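The values are calculated or read from the model by the stated rules, or taken from the named source; none is laboratory data. Bear in mind the structure is a predicted one, so any value in this text is a computation, not a measurement. Here the Cβ is made from the backbone with ideal geometry for all residues, glycine too, and neighbour counts use every protein chain on show.
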Amino acid sequence: MKPAPPPWGEALLRLFVSLDTFASVSGDLLEQYRDSIHPARGPRGADKWYRTQVLGFVWRGSRLWAALFAGAFVARTTLDWLRPTTDFLMRSEVSTALAAGILLAAGFWTAWRSGSFAAGAAAGLATTVIAAVLSIGGTTVLLAIWHDPHTMTSIRGSGGLEEALMLPVWLVLPGMAIAGVGGLVGAATERLARGG
Amino acid sequence: MAEVLGTFEQAVLLAILRLADRAYGREVVREIETRLGREVAAGAVHATLERLENKGLVTSKLGSGTPIRAGRPRRYYRLEPAGVSALNDARAAVDELWRGLRWPLKGHA
């Protein structure tokens, strides 16, 4: 029996590679896995290599959206800390619409490329997890630069430090749901464009 | 305006040139790894191939599969005249930067 990579790896790869190239890309990975990686590294090493390769495709497919999402989050945090206000409604509406738009676009684009309805939610998960890391890092940098008493008062007035650091994590599941909606539309549009 | 190529794009195009009619994804990865002497991510190579194809520097067509690939097709890449031109421009730019200098450099650090 020929060695085979983890089945979930191929399933994940399918979501982040275009429909037109999936067969050749997964074939290339399978060929490399079987003809050089598995003989040299053994089953566990080869599976680890395969997982790393697939996560590379996920990273390349999500990093732009994650950077946009994290950029919007850090920009909003900077605004709240350096230009405090008593009425956060307008800022909340704008930043929520921007974040939702980024996630919808990420889900739509990923599902459009792969032709898979599940790709949107997967893109939402990858985007929000990467963005959470970037946002927490960005917020920490902001705090390292601005931690004078005036700014600390602004931070407390805008929800506190805990909210600024934890909100990106709390957004992972809602982000998956929103990108999932974009993905449904993207995959449906792709099927319509291909003629059913 | 001539296409400006990044270093990795040049590596991929030169691998396609060397491999000629054997230039499909797996072989391109192997060729680059041999030349650079390090492991490269398949995703990086495939993303670059897709970008080069979108720029019109290479074209591709599907070939047949093999048992080791579970019958999945190979996608063969071919350099287009625009790709050859871009490589020539890239080489000329590097040669111009090195003109008058002796290689290898004698370090002062």
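Structure summary
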{"item": "Residue check for residue A:137: of a type outside the set (A, V, I, L, M, F, W, C), buried (at least 20 other Cβ atoms within 10 Å of the Cβ) and closer than 17 Å to residue A:67 by Cα", "result": "no"}
{"item": "Failed item in (1) modelled with pLDDT under 95; (2) crowded, with 20+ Cβ neighbours inside 10 Å, with residue A:107 passing the rest", "result": "(1)"}
{"item": "Hits in segment A:40-50 - residues which are surrounded by fewer than 20 Cβ atoms within 10 Å (Cβ to Cβ) and either more than 12 Å from every other protein chain (Cβ to nearest Cβ) or at pLDDT below 95 (or both)", "result": "A:42, A:43, A:44, A:45, A:47, A:48"}
{"item": "Residue in segment A:1-8 that is touching a strand residue (DSSP E or B) at 6+ places or on another chain (Cβ under 8 Å), part of a loop (DSSP other than H, G, I, E, B) and at the interface with chain B (Cβ under 9 Å from one of its Cβ atoms) present", "result": "no"}
{"item": "Number of positions in segment B:39-95 that are part of a helix (DSSP H, G or I), free of Cβ contacts under 8 Å to residues at least 12 places away in the same chain and at the interface with chain A (Cβ under 10 Å from one of its Cβ atoms)", "result": "6"}
{"item": "Residue selected from segment B:40-86 under the condition surrounded by fewer than 16 Cβ atoms within 10 Å (Cβ to Cβ) and hydroxyl-bearing (Ser, Thr, Tyr), by the criterion farthest from the chain's Cα centre (by Cα)", "result": "B:66"}
{"item": "Residue match in segment A:23-35 (condition: within 17 Å of the chain's Cα centre (by Cα), within 11 Å of chain B (Cβ to nearest Cβ) and surrounded by fewer than 21 Cβ atoms within 10 Å (Cβ to Cβ))", "result": "no"}
{"item": "Residue count, segment A:144-164 (criterion: aliphatic (A, V, I, L, M) and at pLDDT below 95)", "result": "4"}
{"item": "Test set (1) without any contact (Cβ under 8 Å) to a residue 60 or more places away in the chain; (2) out of contact with any Gly (no Cβ under 9 Å at 6 or more places or on another chain); (3) closer than 22 Å to residue A:17 by Cβ - residue A:67 fails condition number", "result": "(1)"}
